[in-house]
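Read the figures in this text as sums done on the coordinates, not as results from a lab. Since this is a predicted model, take the numbers as computed values, not measurements.
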Amino acid sequence: MVVVFVLVALSVVALLAGAHWYVWRRLVRDTTAPGSVLRRVGTVAAVLLPVLAVGALVGARAGAPFWVQQVVAWPGYLWLAVLLYLVMALVVGEAVRPLLRRALRRREPAAPADGTPAAGSPPTGRGPDAGAGQAAPPRAAAGAAAAPAPGPGDTDTVTQPAPPVPVAPVAPGGPGGSTASGDFSRRLFVSRVVGAGAAAAALGTVGYGTYGVMRGPRLKRVRVPLAKLPRSAHGFRIAVVSDVHLGPVLGRAHTQRIVDTINSAQPDLVAVVGDLVDGSVADLGHAAEPLARIRSRHGTFFVTGNHEYFSGAEQWVEHVRELGMRPLENDRVEIAGFDLAGVNDIAGESEGQGPDFVRALGDRDRTRASVLLAHQPVVVHDAVRHGVDLQLSGHTHGGQLWPGNYIAARANPTVAGLERYGDTQLYVSRGAGAWGPPVRVGADSDITVVELASRQA
């Protein structure tokens with residue numbers, strides 16, 4: 001197990017190092033002059049930013065003080081999101097570079113292919129039209145035969161001219177001159193255009209995604225028909241809240257936004273299906289206090305997620321009870337017209353507190369409709385075996401950062417939304433917060449009001 005952890009850690013470090021080298025090369029080395037201030041600043045940033053990112057990722061696990069986690073989390077996590085979309089944009093830019101260079105080259109005047117001077121340039125050979133400014137021919141070499149002097153009887157002696165000195169063709173602009181300079185200028189211009197475009201795309205994407213998280217989750221409504229639900233429970237509304245992830249980035253203000261959103265829906269019951277926190281009760285108890293002001297007819301119920309077991313699950317179970325929630329630890333309660341059950345998260349197995357479906361569902365009356373709260377969608381197959389009608393889950397965040405949804409789909413039966421597995425329906429919320437970067441792209445945060453519908457109505 002330790003070997004696997006070390007290999008994963010080394011792989012992550014290598015991936016981060018490679019991504020930062022690539023970004024430095026394209027955004028700093030290719031766009032700035034050696035020794036310039038911009039080159040130095042960019043190089044320092046390329047070293048400092050990954051340090052902040054690693055600090056944000058491992059700060060809590062390393063036992064860093066909470067205030068240190070808060071200082072490092074914002075820049076570190078945001079940079080990770082920017083890095084993701086910056087690398088993607090720069091990779092796309094690799095295909096754009098040759099097209100831009102070709103377009104720029106076509107706009108330049110073409111040079112003669114045979115090395116002859118362009119129109120208006122000084123002549124390079126000797127001939128009848130050579131001007132007065134033409135360079136004189138070199139002297140004859142020592143020992144060369146001179147032309148014979150005219151004799152006394154010669155009346156019309158013709159002097160042979162010296163042969164012209166061959167002149168090597170000169171590349172346009174002189175040897176190694178403006179051609180090389182032109183190529184360099186084109187490369188620099190293209191690098192700056194592509195780099196600026198990639199930076200603008202990455203910053204714009206992350207900025208919009210951050211705004212989506214900080215404004216709070218939006219209400220979403222889903223109607224789920226249940227065959228066993230009695231007519232008396234028709235229209236029963238459950239507000240599903242998952243993956244709030246209170247921590248060094250999202251705090252008390254975010255909790256209040258969630259509470260306000262829940263109360264505005266006036267639900268009959270509230271289900272908090274795990275990953276409420278990323279930190280201890282000592283650090284985050286104050287941030288969770290607004291949860292005590294949730295209002296619903298039948299109360300608020302809570303099940304653990306995997307992150308609770310990173311943060312002291314037993315302490316959090318007791319704390320949410322103090323806030324007025326009812327934890328369902330492999331337990332069940334009868335609500336008007338159906339059974340509401342909850343199981344611990346799979347991560348609790350390492351502490352001997354994993355999900356126990358027999359305890360939660362084994363002895364119930366299967367003629368009654370049942371709703372199960374379980375953090376991870378992967379337990380839906382256990383729910384099917386125990387005759388659950390509807391499972392409510394979170395955990396996936398809907399992928400949170402596109403294209404993360406494709407990765408999440410490989411590890412979960414459903415990434416987001418409502419799907420059916422046998423006689424069991426599974427609804428997966430995208431979550432009300434964010435883990436790591438407080439950014440969502442292509443997976444808006446939500447609180448879902450699930451309205452149960454009776455087929456007898």
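Using the Karplus curve 6.51 cos²θ - 1.76 cosθ + 1.60 with θ = phi - 60°, what ³J(HN,Hα) values do you get for each residue of the range 398-414, in whole Hz, with x for Gly and Pro?
x, x, 6, 10, 4, x, x, 4, 6, 5, 4, 5, 7, 10, 9, x, 9
To one decimal place, what orientation-averaged projected area in nm² is obtained for the convex hull of the Cα set of the range 250-391?
Averaging across all directions leaves 8.2 nm² for the Cα convex hull.
Once the Cα atoms of the range 217-454 are picked out, what are the Rg and Dmax in Å?
16.2, 46
Once phi is turned into θ = phi - 60°, what whole-Hz ³J(HN,Hα) does the Karplus curve with 6.51, -1.76 and 1.60 give for every residue of the range 36-52, x standing for Gly and Pro?
Calculated HN-Hα couplings, in order: 6, 4, 5, 5, 5, 5, x, 5, 4, 4, 5, 8, 6, 4, x, 5, 5 Hz.
Whole Å is fine, so just give me how far the alpha carbon centre of the range 266-319 lies from that of the range 338-395.
Using only Cα atoms, the two centres lie 18 Å from each other.
Length gain on complete extension for the stretch Ala14 to Glu314, per 0.36 nm per residue less the alpha carbon to alpha carbon distance?
104.4 nm
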